[in-house]
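These notes are about the structure you will find just below.
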Amino acid sequence: MNEDLLSFIWRFQYFEKKGLATDEHLPLSIIRPGQRNTDAGPDFSEARVVINGVLWVGSIEIHVKASDWRLHEHEQNGAYDCVILHVVWENDHPAMRRDGTAVPTLSLNGLVKASVIERYRCLLDEKDTVPCNRQFGDVEQIRKYAMLDRVLLERLERKALEIQRLLEANQQDWEQTAYQWLGRHFGFKLNDAPFQRLTEVVPWKIIRKHTDRLIQVEALLFGCSGLISENSEEIYVRQLQQEFRFLSAKYKLQDETMHAHEWKYARLRPAGFPTVRLAQFAKLLCNTGGLLNRFIVSEHFDEIRELFRVEQSAYWQEHYMLEKKARAQVPVLGTDAAHLLIVNAAVPLLVAYSKHRQQPELLDKAIYWLSQMPAEDNRITREWASLGMRVKTAADSQALIEWFNNYCTPKQCLECMVGAALVRDA
């Protein structure tokens with residue numbers, strides 16, 4: 001027995017309630033088990049129980065062993081004075097409030113069907129990456145797709161929370177936040193950290209003053225990234241050097257310059273080199289002006305996709321690295337890369353702004369965008385496809401990735417609508 005299963009049993013009342021009594025031999029009726037609390041304090045709030053004919057309204061605390069109450073120092077914590085029932089598996093010690101009164105206790109050991117515990121153990125012992133792999137087909141489709149909708153919203157909420165923290169760090173500056181968030185995702189995972197660092201070194205308030213001249217934006221980004229060669233005979237490189245010398249002195253950026261070794265090239269195709277991505281990022285910044293505003297006002301998904309299908313400047317269509325000419329033309333930022341940026345950067349920004357401004361129509365737009373893009377193809381989505389789940393759009397794949405990472409991998413089966421259906425008594 002563990003606390004997760006015990007909470008699950010209490011939450012859904014999967015135990016024998018006929019002739020129910022507390023361990024103190026007082027008649028007990030459960031009117032409402034309460035709302036689960038995910039913050040600090042008792043496990044369930046707003047519960048209603050009748051003990052020996054008296055209605056009690058308050059909180060429920062769950063422990064495998066009753067002595068955990070004392071071990072966790074609840075008897076000294078005022079937040080637990082409102083506990084009206086201590087639900088345990090093993091009652092090995094009385095629970096006391098700060099004023100010395102005892103908390104009524106209910107031991108569930110002996111009241112729970114062995115089949116519920118056995119089904120849960122089977123899921124925990126399963127070696128498949130999706131623990132309910134063999135039983136997945138036994139669950140009604142409506143539960144699976146209800147879970148799919150739930151985890152998509154959870155994923156969007158989680159990413160929106162990351163953006164909210166970034167917004168707070170930027171003192172509520174939405175444009176700087178959008179610039180940083182988008183910049184981070186131009187790293188396409190391998191270079192996320194250095195891209196994030198670069199957007200901190202050269203902030204949006206500087207970049208936006210020069211978006212009418214691409215060479216200056218390129219100079220700021222390449223110069224602060226530490227990637228401009230010191231000695232070069234190429235005209236373009238010398239332009240970058242000249243512009244950066246002037247701009248870095250003007251904005252006092254000399255001491256903030258990054259080092260070339262911070263950027264990673266391993267296992268990247270040349271078209272994905274950070275140098276090419278920087279050139280594409282510079283062009284996008286010059287094309288958009290205010291990034292976030294473009295997402296908010298755009299009515300059509302195709303408009304957003306075309307915004308991200310960036311054609312970098314002429315030099316970077318012929319070079320993967322400074323002073324190293326490519327054998328063939330360097331690809332522009334294609335549709336697949338544009339989709340990744342929309343999924344990972346634009347959609348979460350729109351969701352975060354929707355929550356911040358209380359504009360639910362922007363959340364609807366973000367979900368619509370996801371539905372307009374094809375699903376990602378990776379080992380996780382293929383695993384779900386083998387179980388019969390639809391994986392047609394980016395909304396599907398994003399939801400399934402969240403489901404797999406946050407429920408299947410840590411075996412949080414009791415919090416999953418499919419796992420819970422398999423565990424509970426038929």
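Quick notes on this one:
- Partners for LYS252 among aspartates and glutamates (Cα-Cα distance below 18 Å; same-chain residues under 8 apart left out): GLU200, GLU218, GLU243
- Across the range 50-65, computed HN-Hα scalar couplings (Karplus, 6.51 cos²θ - 1.76 cosθ + 1.60, θ = phi - 60°) run 10, 10, 6, x, 10, 7, 10, 10, x, 10, 10, 10, 10, 9, 5, 10 Hz from first to last residue, x flagging Gly and Pro.
- Among ARG294, ARG267, ARG245, the largest mean-square fluctuation in a Gaussian network model of the chain, built with springs joining Cα atoms closer than 10 Å, belongs to ARG267.
- The Cα trace of the range 185-284 gives Rg and Dmax of 12.8, 37 Å, the first to one decimal, the second as a whole number.
- Bridging of LYS18 to aspartates and glutamates at a Cα separation below 19 Å is possible for ASP425, once same-chain residues fewer than 8 apart are set aside.
- Tilt relative to the chain, helix 114-125 - C-alpha long axis, 0 to 90 degrees, to 10: 20
- Spatially, the range 191-246 and the range 98-143 are offset by 57 Å when compared through their Cα centroids.
- Overall form of the range 324-413: oblate. Here a/c, set by the Cα gyration tensor axes a ≥ b ≥ c, is 1.5 or more, and a/b is not larger than b/c.
- Protection proxy ranking of 209-222, 319-332 - average other beta-carbon atoms within 10 Å, highest first: 209-222, 319-332
- Gyration tensor verdict on the range 242-296 (Cα atoms; rounded if a/c is under 1.5, prolate if a/b is larger than b/c, oblate otherwise): oblate
- Shape call, the range 207-339: gyration tensor on alpha carbons, a/c limit 1.5: oblate
- Summarising the amide proton neighbourhood of VAL310: residues at separation of 5 or more, or on other chains, whose placed amide H is nearer than 5 Å comprise LEU333.
- Placing R0 at 25 angstrom, the Cβ-Cβ distance between ALA79 and GLU46 gives a FRET efficiency of 0.95 after rounding to 0.05.
- Once the Cβ-Cβ distance of LEU71 and GLU154 is raised to the sixth power relative to R0 = 22 Å, the FRET efficiency obtained is 0.10.
- Taking the C-alpha atoms only, the angle from helix 3-12 to the longest principal axis of the chain is near 70 degrees.
- For the chain, the Cβ-based charge dipole about the Cα centre amounts to some 920 debye (Lys, Arg positive; Asp, Glu negative; other atoms uncharged).
- Across LYS17/LYS411; LYS127/LYS392; LYS65/LYS113; LYS189/LYS250, pairs whose alpha-carbon gap is larger than 21 Å: LYS17/LYS411; LYS127/LYS392; LYS189/LYS250
- For ASP255, the accessible area of its heavy atoms, probed at 1.4 Å with every protein chain present, is near 150 square angstrom.
- GLU303 sits with roughly 80 Å² accessible to a 1.4 Å probe, with DNA, RNA and ligands left out of the calculation.
- Taking the C-alpha atoms only, the angle from helix 360-371 to the longest principal axis of the chain is near 70 degrees.
- Beta bridges by DSSP in the chain, antiparallel share as percent, to the nearest 5: 65
The values are calculated or read from the model by the stated rules, or taken from the named source; none is laboratory data. Just so we're clear, the structure is a prediction, and the values are computed from it rather than from any experiment. Heads up, the Cβs are rebuilt from the backbone with ideal geometry, glycines too, and the neighbour counts pull from every protein chain shown. SASA here: full protein model, heavy atoms, side chains in, ligands and nucleic acids out. Shrake-Rupley method; radii C 1.70, N 1.55, O 1.52, S 1.80 Å.
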